[in-house]
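Accompanying notes for the structure given below.
The values are calculated or read from the model by the stated rules, or taken from the named source; none is laboratory data. Remember, it's a predicted structure, so these values are computed and weren't measured experimentally. All Cβ positions, even for glycine, are placed from backbone atoms using ideal geometry, and neighbour counts span all protein chains on display.
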Amino acid sequence: MKKHSLITLLLCNCFTLTALAETTEAPKLNPKLAQYHGAVKSLGGALMSEMKAALAAGGGLKAIEICHSKAAEIAEKISQEQGFKVGRTSLKIRNDKNAPDAWETEQLQKFEARKQAGEDPAKIETEIVEVDGKLRYMKAIPLQDTCLSCHGDKVAPESATKIQTLYPTDKATGFKLGDIRGAFTITENMPAKK
Ligand code: HEC
């Protein structure tokens with residue numbers, strides 16, 4: 001009898017420990033968040049390498065053209081690979097097609113408030129939330145050195161002219177280093193409930 005209860009005790013302890021280990025590990029291993037981080041990295045990385053190649057090949061004007069003709073295409077390709085929609089948006093947009101919807105506007109405003117309160121923009125993101133039957137997630141994009149030539153307050157005149165021609169309603173200049181330029185945004189359809 002004694003032996004039996006000892007075994008029971010040991011077994012119980014083991015299970016409790018395993019359960020505890022699982023709860024403490026869970027936030028790190030959230031597979032959905034890891035997948036979304038991966039998608040954001042793919043899109044950011046792909047845009048960056050296209051831009052660097054264009055800058056090297058033809059300078060700033062070429063890079064603007066490449067952004068104009070390829071940004072949407074690259075986002076579409078990565079969305080198809082991932083199986084959910086990944087794109088970019090902002091409170092001050094260049095391309096009207098990237099305009100935020102109501103939920104995105106609200107998150108972008110919260111991001112601004114968090115930055116004002118001292119949070120590092122590089123770390124600002126939403127949780128994954130369900131909105132109208134879809135999973136949604138956003139991650140802030142901080143403005144870096146390399147962005148200033150096209151989004152800063154001293155855009156070279158020929159670049160400014162080119163941008164104005166391609167985007168007559170452009171609002172995406174005047175940013176400073178460390179500002180939140182916008183955000184990556186993910187929308188995923190939920191599997192149908194049975
Ligand atoms: C060579 C010029 C150029 C540089 C450098 C550049 N961008 Fe852009 N950016 C553009 C153009 C052009 C668009 C519009 C793309 C489109 O039509 O979808 C754009 C669009 C965006 C958008 C999408 C929202 C919107 O306003 O339409 C974000 C976010 C963005 N840029 C962030 C950045 C960041 C962050 C950097 C630096 C890492 C950067 N950009 C560097 C030209 C540039």
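The table below lists the values:
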| quantity | calculated |
| --- | --- |
| Qualifying residue in the range 102-114 (condition: of a type in the set (Val, Ile, Thr) and near the ligand (Cβ under 9 Å from one of its atoms)) | no |
| The lone exception for residue 72 - which of (1) within 9 Å of the ligand (Cβ to nearest atom); (2) buried (at least 17 other Cβ atoms within 10 Å of the Cβ) it fails | (2) |
| Test: residue in the range 123-130 that is within 19 Å of residue 51 (Cβ to Cβ) and out of contact with any Ser or Thr (no Cβ under 6 Å at 6 or more places or on another chain) | no |
| Residues being free of Cβ contacts under 8 Å to residues at least 60 places away in the same chain and either charged (D, E, K, R) or in a strand (DSSP E or B) (or both) - total across the range 88-143 | 18 |
| Of all residues making up the range 140-172, the number that are more than 7 Å from the ligand (Cβ to nearest atom), surrounded by 14 or more Cβ atoms within 10 Å (Cβ to Cβ) and of a type in the set (Val, Ile, Thr) | 1 |
| Lone qualifier among 26, 34 - being out of contact with any Ser or Thr (no Cβ under 9 Å at 6 or more places or on another chain) and modelled with pLDDT of 95 or more | 34 |
| The range 174-194 - residue that is within 10 Å of the ligand (Cβ to nearest atom) and in a loop (DSSP other than H, G, I, E, B) and, of those, surrounded by the most Cβ atoms within 10 Å (Cβ to Cβ) | 175 |
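The rows are residues; the columns are (1) in contact with a Lys or Arg (Cβ under 8 Å, 6 or more places away or on another chain); (2) charged (D, E, K, R); (3) more than 15 Å from the ligand (Cβ to nearest atom); (4) within 24 Å of residue 188 (Cβ to Cβ).
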position: 85; (1), (2), (3), (4): no, yes, no, yes
position: 92; (1), (2), (3), (4): yes, yes, no, no
position: 116; (1), (2), (3), (4): no, no, yes, no
position: 135; (1), (2), (3), (4): yes, no, yes, yes
